[in-house]
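First comes the structure, then the notes that go with it.
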Amino acid sequence: MRSADRVAGAALLALGIAFSAGALSHYGYWGENGPGPAFLPFWLGLLMALLAAVLLVGAVRSRDAGPEWLPRGDRLRRLAVVLGASVAFVALLNVIGMTVGTVLFLVVLMRVPDRQSWFRTITVALGVAGLNFLVFAYWLHVPVPTSPLGF
C-alpha cells in the first residue's frame, strides 16, 4: 500500500466532508432566487471528498510500495524552501502587502530551488505581481493588503 497516498487520501476525505458540512451549517443552501451561499462550497467539498476517496481506495488496493513518504537530500531542501516561503508569504502579507509579497515570494521560489537567471526571475516576479494587482486591485476592486509604500 502506498502510505503517502493513504494518509493524503484520508486527510483530504475528512477535509472535504468537513467543508461540505460547514457550508451547510453556516450558510443557506437555497434562497428565494435560487442557489444560496452554501451551494458552491457544498458541492466543491463533495467533489473533493469523492476524489479523495478514489485516491484512498487506489492506495489501499495497490500492491506497489510507491515512492518514499518524505523526500531526502535536495528534494527535501526544495520542499522546505517552498513551505518556508509560503508560510513567510502568508505571515508577512499584511505587513509588506500583496504586490511586494508576491514579488519576494516568486523571487525566492525561482532563485533558490530552481536557480533561474536573475533576468527571468525579476521579469516573471514583476509581471505576475503587476498582473495580480491589475486584475484584483484595479479592475475588480478587491481590497488587497498594501505595503507601507501604498502598493
Calculated FRET efficiency for the pair residue 118/residue 138, C-beta based, R₀ 25 Å, to 0.05: 0.35
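So what is the relative contact order of the stretch 1-103, in percent, for Cα pairs below 8 Å that sit 6 or more residues apart? Please list the in-between numbers first.
Working: 98 pairs, mean separation 34.4, N = 103.
Contact order relative to length: 33 percent.
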Dipole of the chain, positive end: most advanced residue of 43, 29, 57 [Cβ charges, Cα centre]: 57
Label corresponding to Kirkwood radius over Cα pairs in Å when calculated from the structure given, among [x] 15.7; [y] 18.9; [z] 17.1: [y]
Local electrostatic count, residue 112, Cβ distance below 13 Å [Lys/Arg +1, Asp/Glu -1]: +2
Rounded to whole Hz, the Karplus (6.51, -1.76, 1.60) HN-Hα couplings of the stretch 79-86, x for glycine and proline: 4, 5, 5, 5, 5, x, 5, 5
The stretch 1-22 residues near the modelled residue 75 label - backbone nitrogen below 18 Å, point 7 Å along Cα→Cβ: 1-9
Local electrostatic count at residue 124 - Lys and Arg +1, Asp and Glu -1, tallied over other residues with Cβ under 13 Å: +1
Carbon and sulfur %, accessible surface of the chain computed with the full protein complex present, 1.4 Å: 72 percent
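The values are calculated or read from the model by the stated rules, or taken from the named source; none is laboratory data. Remember, predicted model here, so these are calculated numbers, not experimental data. Note that we place each Cβ from the backbone using ideal geometry, even for glycine, and neighbour counts take in every protein chain shown. Side chains are part of the model used for accessible areas, which takes the heavy atoms of the whole protein and leaves out ligands, DNA and RNA. Shrake-Rupley method; radii C 1.70, N 1.55, O 1.52, S 1.80 Å.
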